1. Quick test for you: out of 220, 176, pick the one residue that is modelled with pLDDT of 95 or more, within 28 Å of residue 7 (Cβ to Cβ), more than 18 Å from the chain's Cα centre (by Cα) and among the aliphatic types (A, V, I, L, M).
2. Are any of the residues in the stretch 15-28 exposed (fewer than 14 other Cβ atoms within 10 Å of the Cβ) and either assigned to a strand (DSSP E or B) or touching a Phe, Trp or Tyr at 6+ places or on another chain (Cβ under 7 Å) (or both)?
3. Counting just the residues of the stretch 223-245 that are of a type in the set (D, E, K, R) and part of a loop (DSSP other than H, G, I, E, B), which one comes out nearest to the chain's Cα centre (by Cα)?
4. Pairs needed: first member in the stretch 190-219, farther than 16 Å from residue 152 by Cα; second member anywhere, part of a strand (DSSP E or B); C-beta distance under 9 Å; at least 6 residues apart or different chains.
5. Tell me which residues, restricted to the stretch 20-30, are free of Cβ contacts under 8 Å to residues at least 24 places away in the same chain and either under 14 Å from residue 52 (Cβ atoms) or not assigned by TED's automatic domain parsing to the domain that holds residue 73 (or both).
6. Yes or no: residue 190 at pLDDT 95 or above and surrounded by 15 or more Cβ atoms within 10 Å (Cβ to Cβ)?
7. Got at least one residue in the stretch 141-151 being part of a helix (DSSP H, G or I), within 19 Å of the chain's Cα centre (by Cα) and surrounded by fewer than 18 Cβ atoms within 10 Å (Cβ to Cβ)?
8. So which residues in the stretch 152-174 are free of Cβ contacts under 8 Å to residues at least 12 places away in the same chain and buried (at least 16 other Cβ atoms within 10 Å of the Cβ), if there are any at all?
Amino acid sequence: MLVQRVLQSRRTTLTEAERAYLEKAVQTVISLRPREIFVRQGETIQVSCLLLEGLMSRHVDDSEGGRQMVALQVAGDFVDLHGYPLKTLDHDVAALTHVQMALIPHTALFEIQDRLPELARKLWFLTLLDAAMHRKWVYRLGRLKAVSRVAHFLCETAVRLAAVDLSDGKVFALPLTQFDLGEICGMTSVHVNRVLRELREADLCSWRNQQVEIHNWAGLATLGVFEPEYLYLDKTLTERFSVKPMNIPAARGD
């Protein structure tokens, strides 16, 4: 089933009947190459996409061509569901890796809204979840030191992937570049390299060959000031990834 990961392991989940109805709403499945743009800022859109495989970004470009990522999307995410009422986006949506995604026409979403208000409410939950993560990204960039930004992002990604059975919470594939991570965390790639080395030397986590391995979850989560409540996971996952405050070595630099 194409929609099996939608709201998987969240506090709000879909019934089998709702999944079947959402599955029928899929118009087609398409693939994108790495770095291929799906939606450009300001374009009129008539479909929303459900990410099935791979990683996608939502990002804003400045006048000099620099890019700030504002969201990372993983399998099971509705990447641009908010485009249904807005019809245009104020940012670009692009593939970071090879991706597969299911396209659902806005006419089908209107039908869901009209005929199945409970399913529509659950899709609204997804947009609110996006907003909660966006607020945490703003907090991460504005208040955390560099090493803590990276630690928080890695914790968040581990948990999001665990929720859709793409990670055991300790080891997961993350086919991004250090430049990508810099755009996510507001750092240069040189600074990212130094931070990753610091995390490795502290035996908190390592990132090699596009795979992250977390060696000390409590230490990494504490360094990143990470708590999973804003991800609105089910009780089991929330308890599994929550940590008690602990003392860790102070981060070097900013």
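The values are calculated or read from the model by the stated rules, or taken from the named source; none is laboratory data. Keep in mind that what you see is a predicted model, and the values were worked out from it rather than measured. Neighbour counts are summed over all protein chains in view; Cβ atoms, including those assigned to glycine, are modelled from backbone coordinates with ideal geometry.
1. Only one candidate qualifies: 220.
2. Yes, there is a match, as at least one residue in the stretch 15-28 is exposed (fewer than 14 other Cβ atoms within 10 Å of the Cβ) and either assigned to a strand (DSSP E or B) or touching a Phe, Trp or Tyr at 6+ places or on another chain (Cβ under 7 Å) (or both).
3. 227
4. Hits for this filter: 210/173; 211/171; 211/172; 211/173.
5. 23
6. Answer is no for this residue.
7. Yes: the stretch 141-151 contains one or more residues that are part of a helix (DSSP H, G or I), within 19 Å of the chain's Cα centre (by Cα) and surrounded by fewer than 18 Cβ atoms within 10 Å (Cβ to Cβ).
8. Of everything in the stretch 152-174, just one residue is free of Cβ contacts under 8 Å to residues at least 12 places away in the same chain and buried (at least 16 other Cβ atoms within 10 Å of the Cβ), namely 167.
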